[in-house]
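Here's the structure, in structure tokens; my notes come after.
The values are calculated or read from the model by the stated rules, or taken from the named source; none is laboratory data. Since the model is a prediction, treat every value here as computed from it, not as a measurement. Cβ: placed from backbone, ideal geometry, glycine included. Neighbour counts: every protein chain shown. Remember, those area values only see protein heavy atoms, side chains included, never the ligands or the DNA or RNA. Shrake-Rupley method; radii C 1.70, N 1.55, O 1.52, S 1.80 Å.
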Amino acid sequence: MKRLTGIILRMLAGALAGLLLLSAVFAGWFYLQLRASQAQLEGTASLAGLGSAVAIERDALGIPTIRAENRTDGFRALGYLHAQDRFFQMDLMRRQAAGELSALIGQPAVAMDRRTRVHGFRARARHALALDTPEHRAFVVAYTAGVNAGLAALGQKPFEYLALRSSPEPWLPEDSYLVGYAMALSLQESDGRTERTFAALRNHYGPEVAAFFAPLQTHADAALDGSSAPLPPLPSPRLIDLRRRAAPAPTVAAAAAFEDLPVIGSNGFALAGHRTASGAALVANDMHLELGVPNTWYRAQLITAGRQVTGLTLPGTPGIIVGSNGQVAWGFTYSYADTSDIVLVELNSISRLLYRQGTENVEFVRHREPIFVRGGQPVELEVESTVWGPVVGTDDKEQPLVNRWVMHEPGAINFALLDMEGAATVAEALAVTRRLATPSLNILLADHTGEIAWTIAGPLPQRVGFDGRFPVAWTYGDRRWDGLLPAEKKPVISSPADGVLWNANQRMLGGEALTLIGDGGYASPERAAQIHDGLSPLTAATPADLLAVQLDDRALFLERWQQLLLRTLSPAATAAHPARAALRTAVESWAGRAAVDSASYRLVRAFRHHTANLVLAPVFAPCLRREPLFNWRLFRYEAPLWQLLQAQPAHLLNPQYADWDELLVAAADAVLADLERDHLAPAQATWGESNTASIRHPLGTFLPRWLTGWLDMPADPLPGDVNLPRAQSPHFGASNRMVVAPGREAEGIMHLPGGQSGHPLSPFYRAGHAAWVRGEPTPFLPGRAQHTLTLTP
């Protein structure tokens, strides 16, 4: 027996040694392949099609300065760099827009491809390419050639394809337009979720209730024109009475915590020259997006044909998206203009295959197309369309819903932004915005003379017969779009008397301008108001002053919630429950900031969330039954919620509770339940412990965390929150921070949450991340050259 045991142990030891040897061999092979796929930083490389040699200088952060004789060569070189550093990111974006992720990723991406493919963006991108100007098409073609040359010049295909056992496909000119459509999918809704949410509320309760719980304007709005409106009166018991409903047994679990939805959008603000220390206008921009590895943006400086343009590029597209050309600087935020409408399709009473258009019965257009799935059989998708657009769902009466979206219009994406490189004044820059086709964006402009301006760039619908906030039928043509809104009708604010412009995704204007822009689901105004108040006292501002506004983590709108929680945790309440006393003690040490070491901020924030859920979820429960996409957190609910807490109407009280005080105590107890679940005492529940960065590589979505965790950014505790100027959550936040005055770029600031390179062995993979976490200013302009690569014809 001992001899047999010894033989077995020797066999197991041999097998283990063999397995370790194979693992070591594989790891060594993979490391060599990984090294071979790194970008070339120095020396010379050939790039066919160049008119003359191009020099690429990289600084200590890997930020390139491209020096070319002409713009075409500069864009060709930029494509080369993007492919060498970021090709997998580019590939995911074009595939996301085209509904072709499954061919690379496999079964996990099929559902996403199904949702996207109905929009037909591959064909629309080809059309957009054909409609763009000859000059812009030539730039895109040169950029494409650079991309494919840069990809081919790598010693091995990008490492992600090794992990996926796949190969990259060549870049096409139309793919750059697909990247634009991918940004539209990230910024805008493709299913009309907000409009369908508004409709479910109005259809169930009527317009008076909808006006109160989903207000278009409130008294606290921070619009540029000062427009505001009081809340409508509280809905009467005749319209809504929660006390008539059967109440489930009270339970803390019913107050399940939720998070406010991150508002994809950004902060942007500008100060005129008479408000700055230098006399040149200043523009600040921090664009709020989902954070990942690599970061959305790629820093670059292009020096071509006597022009120097510096800022952020978007891998997959040519040119500077946000930045400064020395005379004009510009930045973007998402506008939340209403760029789509849900159309109620009236079916023929006899056949589901027909719908009504005027007095005619028209057949739905149906076509099938395959979704190719890596490692599996193709999935067939049937797309159903009308003259107004594709069917994206049905309502609670099984009536088809069509999404009419400006992104379906011909030429909804173009590269007119490339013309911003030559703008010398705000007036010339505004002329460029009138030609620009992009997802609808607020653009803030500043020039070297001190002028500033705001307008909306990108297509907007020209509605007839309705305002677009709720779905309507277009059957008879009395409600429709008359094409797109002419560029000259878009509102513009130029040279405001007080020298201040600001945006934090709030409603910008009222009156006729609001009718033209519509309501696409604006953010609550608290963040914008706090930014405006931070800018107001500045009379000799520097870039550091504007960075301080971007980094403002004060929770001003939560101060009244902290006082409400203290009143709720009264001596009687704490005597009945000792844990409440510890909660009160922690909340009393209120610093008023979303700081990483603050427990009071986290606790007050959680109390607000639980209170909102206990108050509002019962109101909206019937709406959710009508519309699966219903989400009341899309409403600007702070004002109506606070009004309810002040008025405490009996008919709008959650039927689980005998009175409003009992509901508030239940919300406080729900905070304690959260802490118990996390095994934390109130004083230990710091905001940083909860708000910890989770900035991950996309492979982590499809492969095990133990295999991909080394690709992620560090798990840093982060200050700020999604509804504060320093917008920050674990997965979402400022994809950049920029402050610059045109003509004084050397004084400007720029930093990003991730490095330039998408390659984990690159010294630039995490370069700059630590400065972004700490909010430390880093120079807007690239630093001294550390590496030089010369591209030759």
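List of remarks:
- Highest-first packing order for the peptide set 598-606, 524-532, 369-377 is 598-606, 524-532, 369-377, based on the mean count of other beta carbon atoms within 10 Å.
- Label separation (Leu353 vs Ile493): 5.5 nm, computed from points 7 Å beyond Cα along the C-beta direction.
- For region 604-707, the relative contact order works out to 31 percent when only alpha carbon pairs closer than 8 Å and six or more residues apart are counted.
- Each of the peptides 554-565, 37-48 was scored by the mean count of other Cβ atoms within 10 Å over its residues; in descending order, highest first, they stand as 554-565, 37-48.
- Pairwise label distance in nanometres, Leu164 with Ala591, each label 7 Å out on the Cα-Cβ vector: 4.3 nm
- Net lengthening on full extension, Trp706/Arg244 (0.36 nm per residue, minus Cα-Cα): 161.1 nm
- Cα lying deepest toward the dipole's positive end in region 50-125, options Val118, Ala55, Gly106, charges on Cβ: Val118
- Directionally averaged projected area (convex hull, Cα atoms, region 667-740), nm²: 7.4 nm²
- Span-like helix criteria (full DSSP H runs; alpha carbon extent of at least 24 Å along the helix axis; mean Kyte-Doolittle hydropathy of at least 0.0) are satisfied in the chain by 2-36, 134-153, 599-626, 660-677.
- The share of alpha-carbon pairs in region 445-498 lying farther apart than 13 Å comes to 68%.
- Binned Cα-Cα distance frequencies in region 384-439 - 5 Å width, integer %: 4, 17, 17, 13, 10, 10, 9, 8, 7, 4, 2, 0
- Here the Karplus relation 6.51 cos²θ - 1.76 cosθ + 1.60, evaluated at θ = phi - 60°, turns the backbone of region 264-273 into coupling constants of 4, x, 2, 10, x, 7, 9, 10, 5, x Hz, with x for every Gly and Pro.
- FRET efficiency for Tyr476 and Glu559, using Cβ-Cβ distance with R0 set to 51 Å, rounded to 0.05: 0.45
- Options Trp561, Gly758, Ala210, ranked by Cα towards positive dipole end of the chain, top entry (Cβ charges): Gly758
- Probe 1.4 Å, protein heavy atoms only - accessible area per residue of the chain in square angstrom: 38 Å²
- On the principal axes of its alpha-carbon atoms, region 354-513 has extents of 59, 46, 25 Å, going from largest to smallest.
- Value of Rg to Rh for region 44-111, rounded to two decimals, is 1.14; Kirkwood radius and Rg both from alpha-carbon coordinates.
- Per-selection metrics, the chain (Cα): Rg and Dmax in Å: 27.9, 96
- Trypsin sites (Lys or Arg not before Pro) restricted to DSSP loop in region 254-362 with at most 12 other C-beta within 10 Å: Arg352
- Placing +1 on each Lys and Arg Cβ and -1 on each Asp and Glu Cβ, with no other charges, gives region 411-545 a dipole about its Cα centre of roughly 560 debye.
- Annotation note: GluC sites (Glu not before Pro) in region 314-415 located in DSSP loop regions with a Cβ neighbour count of at most 13 within 10 Å are Glu398.
- The calculated FRET efficiency for the pair Asp467 and Ala581, based on their C-beta separation and a Förster distance of 45 Å, comes to about 0.30.
- In whole angstrom, region 300-434 maps to an equivalent ellipsoid with semi-axes of 44, 21, 12, each derived as √(5λ) from the alpha carbon gyration tensor and ordered largest first.
- Under a model in which nothing but the beta-carbon of Lys, Arg (+1) and Asp, Glu (-1) is charged, the chain shows a dipole of about 1820 debye around its Cα centre.
- Quick note on region 646-793: its Rg to Rh ratio, both from C-alpha atoms and Rh being the Kirkwood radius, is 1.16.
- Here the accessible area of the chain is 56 percent carbon and sulfur, with a 1.4 angstrom probe and all protein chains present.
- Rounded if a/c under 1.5, otherwise prolate or oblate - region 556-649, Cα gyration tensor axes: prolate
- A Förster radius of 51 Å, combined with the Cβ-Cβ distance separating Ala621 from Thr692, puts the computed FRET efficiency at roughly 0.95.
- Loop-resident trypsin sites (Lys or Arg not before Pro) (DSSP state other than H, G, I, E or B) in region 714-793 with no more than 11 further Cβ atoms inside 10 Å of their Cβ: Arg784.
- Remark: spin-label model distance Glu42-Ala55 equals 1.6 nm, labels positioned 7 Å along the Cα→Cβ axis.
- Overall form of region 498-618 per C-alpha gyration tensor (a/c, 1.5; a/b vs b/c): oblate
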